[in-house]
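Participant: Please read through the structure below; I'll follow up with questions.
The values are calculated or read from the model by the stated rules, or taken from the named source; none is laboratory data. This one's a predicted model, so the numbers in the text were calculated from it and none came from an experiment. Using ideal geometry, Cβ is built from the backbone for each residue, glycine included, and neighbour counts are taken over all protein chains shown. SASA here: full protein model, heavy atoms, side chains in, ligands and nucleic acids out. Shrake-Rupley method; radii C 1.70, N 1.55, O 1.52, S 1.80 Å.
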Amino acid sequence: MATKPQLVLVVEDEASIASFVAAYLKNAGYAVRTTATGAEALKLVASEKPALVVLDLMLPDMDGVEVCKRIRQSTDMPVLMLTARDEDVDKIIGLEVGADDYMTKPFNPRELVSRVRAVLRRASGMPGGGHVLAVGNVSLDPARHEVRVGDTVVTLRAKEFELLEAFCRQPGLVLTRDKLLEDVWGFAYPGETRTVDVHVKQLRDKLVGADAKIETVWGVGYKLVKPTETP
Ligand code: CA
């Protein structure tokens, strides 16, 4: 199915950062527009209706927070904020500003691309918008928000679903508790890794009859093991 590439607007006044972010996003299949100012960003948001905005916090003409608030006044288009290390991230992704996610500079551009993808996936509740992920007899449909073990539909809570999705996207790989916290809960709560343990236990209890297993890797984290990999 040939679809038009989704447009990502990159708002960043540091030309070198703007160009490498644009290059990585293009390489990942997105169409990209860049601008260095908040004022032009707001115009482009209105005229081009991008699928997502990557927004630097420190712009020459306007505060990125202000730009984000103004975007929020007219649309719920996803915003991924680029911040400096000492910013109050709770505020940025909280209700006050309303960004969907944030990354702290300096960041890994590959990770930025995967965050963009994740935010867009969350934002598009469109039927058929996501591929069904299957590991063993466990299948997860991101678009329908549905999990099955064999033919049986399993009811999961939102965080359990996102946790299982993280496992299903990287079967066989060990995911650390910190990584899972960041992927599923949005950002790291230091010392809150027990949250992950509790949710993994709930997932295991609910996935009755699954032949793919969430294994504990002691001292590291968890991995989802396909039935063929089980000794
Ligand atoms: Ca800047």
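Participant: If you go through region 1-39, how many residues are away from the ligand (no atom under 14 Å from the Cβ) and either in a strand (DSSP E or B) or of a type in the set (Asp, Glu) (or both)?
Facilitator: 6
Participant: So, in region 55-73, how many residues would count as being over 19 Å from Leu120 (Cα atoms) and either near the ligand (Cβ under 10 Å from one of its atoms) or polar (S, T, N, Q) (or both)?
Facilitator: So the count comes out to 6.
Participant: Another question, if that's okay. Does Leu52 satisfy being in contact (Cβ under 8 Å) with a residue 24 or more places away in the chain, away from the ligand (no atom under 16 Å from the Cβ) and within 23 Å of Asn108 (Cα to Cα)?
Facilitator: Working: in contact (Cβ under 8 Å) with a residue 24 or more places away in the chain: yes; away from the ligand (no atom under 16 Å from the Cβ): yes; within 23 Å of Asn108 (Cα to Cα): yes.
Yes.
Participant: Working only within region 79-105, note down all residues that are away from the ligand (no atom under 15 Å from the Cβ) and either modelled with pLDDT of 80 or more or in a strand (DSSP E or B) (or both).
Facilitator: Val79, Ala99, Asp100, Asp101
Participant: Considering only region 146-157, state which residues are at pLDDT below 90 and surrounded by 14 or more Cβ atoms within 10 Å (Cβ to Cβ).
Facilitator: Scanning region 146-157 gives Glu146, Leu156.
Participant: Looking only at residues that are charged (D, E, K, R) and within 20 Å of Asp205 (Cα to Cα) in region 163-182, which one is least open to solvent (accessible area, probe 1.4 Å)?
Facilitator: This residue is Glu165.
Participant: Can you tell me which of Ala39, Ala31 is surrounded by fewer than 17 Cβ atoms within 10 Å (Cβ to Cβ), touching a residue at least 12 places away in the same chain (Cβ under 8 Å), under 20 Å from the mean Cα position of the chain (by Cα) and assigned by TED's automatic domain parsing to the domain that holds Val116?
Facilitator: Answer to the selection: Ala31.
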